[in-house]
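The values are calculated or read from the model by the stated rules, or taken from the named source; none is laboratory data. What you see is a predicted model; the values in this text were computed from it and never measured. Reconstructed Cβ throughout: ideal geometry from the backbone, glycine too, with neighbour counts over all protein chains shown. Side chains are part of the model used for accessible areas, which takes the heavy atoms of the whole protein and leaves out ligands, DNA and RNA. Shrake-Rupley method; radii C 1.70, N 1.55, O 1.52, S 1.80 Å.
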Amino acid sequence: MRTQYCGELRGDHVGQTVTLFGWVDRRRDHGGVIFLDLRDRSGTVQIVSDPVRTPGTYAKADSLRNEYVVKIQGRVTQRPEESLNTKIGTGEIEIYAEDIEVLNAVRQQLPFQVSSADAESVREDLRLKYRYLDLRRERMRNNLLLRHEVIKSVRRYLEDTQGFIEVETPILTRSTPEGARDYLVPSRVNPGEWFALPQSPQLFKQLLMVSGFDRYYQVARCFRDEDLRADRQPEFTQLDMEMSFMSQDEIIQLNEGLIRHVFKTVKHLDLPETFPRITYAEAMDRYGTDRPDARFGLELVNVSALFGKSGFKVFSGAIAQGGAVKVLPIPGGNDFISNVRIKPGGDLFKVACEGGAKGLAYIRVREGGEIDTIGAIKDNLSPEQLATLMEQTQAKPGHLLLFGAGPTDIVNASLSRVRLTVGEELKLIDPDEVNLLWVVDFPMFEWNADEKRLEALHHPFTAPKPEDRHDLKTARAQAYDLVYNGLELGGGSLRIYEPELQQQVFEAIGLSEAEAQNKFGFLMEAFNYGTPPHGGIAFGLDRFVMLLAGEDSIRDTIAFPKTQQARCLLTQAPSDVSAQQLKELHIRSTYTQDSKTI
């Protein structure tokens, strides 16, 4: 039997005989002495075999190659002073192999070397195709172990100190499309009817509150059929929580304790007792986004009032149509941002266009205080207005002022992107800083221009602030998002628990009483049987681990992820199914490829 994991061995084990299992990470022949690095999930340890001290294992050790699976017995020995390795935990000891058993060999050439430093440059599609080899690498192994530690610390905090219980909710449920597309599953025993995979456990966790389980959590699998990116997957994991009889402040405080506990446990970092809070309106005004990266300044300045009646039609026209004019002031920007970068074809021009803008206007403040610009900005401002602009933006000699004008959402999106790009270029963002803040007081609804209707900004079960209930269409929500270094870590809200108010919200988003009854009748009925005030939150676990690990993609914190085309390269899913399977499900495909129906 295994006595220890490889990475657990230390100087205290010297003199003990141990039995280890693992993979040969590296093999080295140093003048007749064979050195092996044996690897398992805990790390590596050095194995030694030589013809004098361990003659019985020397030939076997000489025959081993990388990634062979072996069992090794031997005595733990102190390494000589000159061969100590302070870079690894097992670096003060080595094991002289008294017995080596090959449990399995590598029977064909490896697609890439697992233990080589060059493995970091292996194409991602190859890594995903041979994910079982990729997960043997130290970086990927550490990411999964970190994920395990995060989940373990969450469970301990919620269960042992806060009285939560874990409840699993259904994976096969009904389709209630509101937001992303559902993944649909046909029912064989109920022909013509369909299950949907849950986008979240939202309705079930609210029903658990109705049931009296006042503190619920779940490490929940969720599914959304949407376009993918680096931090999005078709199936993902979220830490889902719901609580009864708690105010918004109490829920936020409990979750600050949870996040502090996770950071202390897995990263050994002490976070402040409370995290800053900023309203949605303030976040959009200062940063142009509801996920502000507040690790650095470069805040936006709204100068709409100054340009509302100016002769510069590009600006005054945008304001007249309900838009805005904002400025991104960049201290010292004259020194490193040329006109070429701002004009069409330039990199900052392209960044602004990615946010929907048609371009960037600018003003340069020269060393003598002179104003240098293009277009008609300067010509249509009086000396007094220019002075006011300089005061509002706190512009000094050397400043570059970048302007966005147009619909407010586009101005915010484009300047927010430029702000992040410039912040990274100026190295204003400390990659080791942990910046957590709450964004609160979201609008209840946003306008869907395509469907010409209001839609819930979070979801239609979010409760409005009590003082705003007189006009739901302009109401603020009792909602809160936790933002970590400019990325949304999680979000939640107090929920509606009165059927009358829930029906009013459904009506606000264009859902008739009959449609609401068809989709959510079971929830509305439950609200008639004594529903407690409740609220909750959900954290994106994959993204949380990604940020803690310092990775750029959640694919590197998920054991078996999909590609950006929603494919599993390892199993080649999705795939064709047989005609018999489709027949049993009463399904006929209308998809054609190369003019052939399949």
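What the table shows:
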quantity	calculated
Positions within region 295-305 being open to solvent by less than 20 Å² (accessible area, probe 1.4 Å), aliphatic (A, V, I, L, M) and over 20 Å from Tyr280 (Cβ atoms), in sequence order	Val303
Number of the exception - Gly369 against (1) surrounded by fewer than 20 Cβ atoms within 10 Å (Cβ to Cβ); (2) at pLDDT 90 or above; (3) small (Gly, Ala, Ser)	(2)
Residue list for region 68-83, filter: farther than 19 Å from Gln16 by Cα and surrounded by 13 or more Cβ atoms within 10 Å (Cβ to Cβ)	Tyr68, Val69, Val70
Members of region 256-294 that are aliphatic (A, V, I, L, M) and open to solvent by 60 Å² or more (accessible area, probe 1.4 Å)	Leu269, Ala281
Residues being in contact (Cβ under 8 Å) with a residue 60 or more places away in the chain and open to solvent by 30 Å² or more (accessible area, probe 1.4 Å) - total across region 411-425	5
In region 286-323, the residues that are modelled with pLDDT of 95 or more, out of contact with any strand residue (DSSP E or B) (no Cβ under 6 Å at 6 or more places or on another chain) and either farther than 22 Å from Pro431 by Cα or of a type in the set (S, T, N, Q) (or both)	Thr289
Flag for Leu258 being under 30 Å from Phe164 (Cα atoms) and modelled with pLDDT of 90 or more	yes
Matching residues in region 469-500 - criterion: being among the aliphatic types (A, V, I, L, M), over 19 Å from the mean Cα position of the chain (by Cα) and modelled with pLDDT of 95 or more	Ala475, Ala477, Ala479, Leu494, Ile496
Wholly enclosed strands (runs of 3 or more DSSP E) of region 6-119 bearing at least 3 residues modelled with pLDDT under 95	17-30
Residues of region 511-549 that turn out to be of a type in the set (A, V, I, L, M, F, W, C) and not in a helix (DSSP H, G or I), as a count	4
Which numbered condition Leu402 fails, given (1) within 23 Å of Lys358 (Cα to Cα); (2) in a helix (DSSP H, G or I)	(2)
Cross-chain or 6+ apart pairs with Cβ under 7 Å, region 454-468 first and under 14 Å from Ser200 (Cα atoms) and at pLDDT below 95, then assigned to a loop (DSSP other than H, G, I, E, B) and among the acidic types (Asp, Glu)	His459/Glu178; Pro460/Glu178
Exclusive hit being on the phi < 0 side of the Ramachandran plot, among the charged types (D, E, K, R) and surrounded by fewer than 13 Cβ atoms within 10 Å (Cβ to Cβ), set Arg127, Arg107, Arg131	Arg107
Enumeration of residues in region 146-183 that are open to solvent by 90 Å² or more (accessible area, probe 1.4 Å) and farther than 28 Å from Thr557 by Cβ	Arg174
Candidates Glu256, Glu250, filtered to the one that is more than 30 Å from Leu184 (Cβ to Cβ) and free of Cβ contacts under 8 Å to residues at least 12 places away in the same chain	Glu250
Residue among Asp542, Asp576 that is touching a residue at least 12 places away in the same chain (Cβ under 8 Å) and within 17 Å of Asp134 (Cβ to Cβ)	Asp542
Residue list for region 147-195, restricted to those being under 22 Å from the mean Cα position of the chain (by Cα) and of a type outside the set (A, V, I, L, M)	Arg147, His148, Glu149, Lys152, Ser153, Arg155, Tyr157, Glu178, Gly179, Arg181, Asp182, Tyr183
Residues (of a type in the set (A, V, I, L, M, F, W, C) and open to solvent by 10 Å² or more (accessible area, probe 1.4 Å)) located in region 549-562	Ala549, Ile558, Ala559, Phe560
Residue identified as more than 28 Å from Ala117 (Cα to Cα) and within 44 Å of the chain's Cα centre (by Cα) among Gln73, Gln16, Gln46	Gln73
Extreme residue, nearest to the chain's Cα centre (by Cα), among residues of region 53-67 that are open to solvent by less than 10 Å² (accessible area, probe 1.4 Å) and not hydroxyl-bearing (Ser, Thr, Tyr)	Glu67
Enumeration of residues in region 34-59 that are under 17 Å from Glu101 (Cα atoms) and small (Gly, Ala, Ser)	Ser49, Gly56, Ala59
Of all residues making up region 445-491, the number that are part of a strand (DSSP E or B), among the small types (Gly, Ala, Ser) and farther than 25 Å from Asp552 by Cα	3
Test: Ser116 is of a type in the set (Gly, Ala, Ser) and loosely packed, with under 15 Cβ neighbours inside 10 Å	yes
Qualifying positions in region 194-215 - crowded, with 19+ Cβ neighbours inside 10 Å and in a strand (DSSP E or B)	Ala196, Leu197, Arg215
Of all residues making up region 4-52, the number that are free of Cβ contacts under 8 Å to residues at least 40 places away in the same chain, crowded, with 21+ Cβ neighbours inside 10 Å and among the charged types (D, E, K, R)	0
Set Lys378, Lys396: member being farther than 25 Å from Arg277 by Cα, open to solvent by 70 Å² or more (accessible area, probe 1.4 Å) and without any contact (Cβ under 8 Å) to a residue 24 or more places away in the chain	Lys378
Leu239 among the aliphatic types (A, V, I, L, M) and modelled with pLDDT under 95	no
Qualifying positions in region 386-422 - among the acidic types (Asp, Glu) and farther than 15 Å from Ala324 by Cβ	Glu391
Matching entry among Thr176, Thr161, Thr169 (being β-branched (Val, Ile, Thr), under 30 Å from Gly510 (Cα atoms) and at pLDDT 95 or above)	Thr169
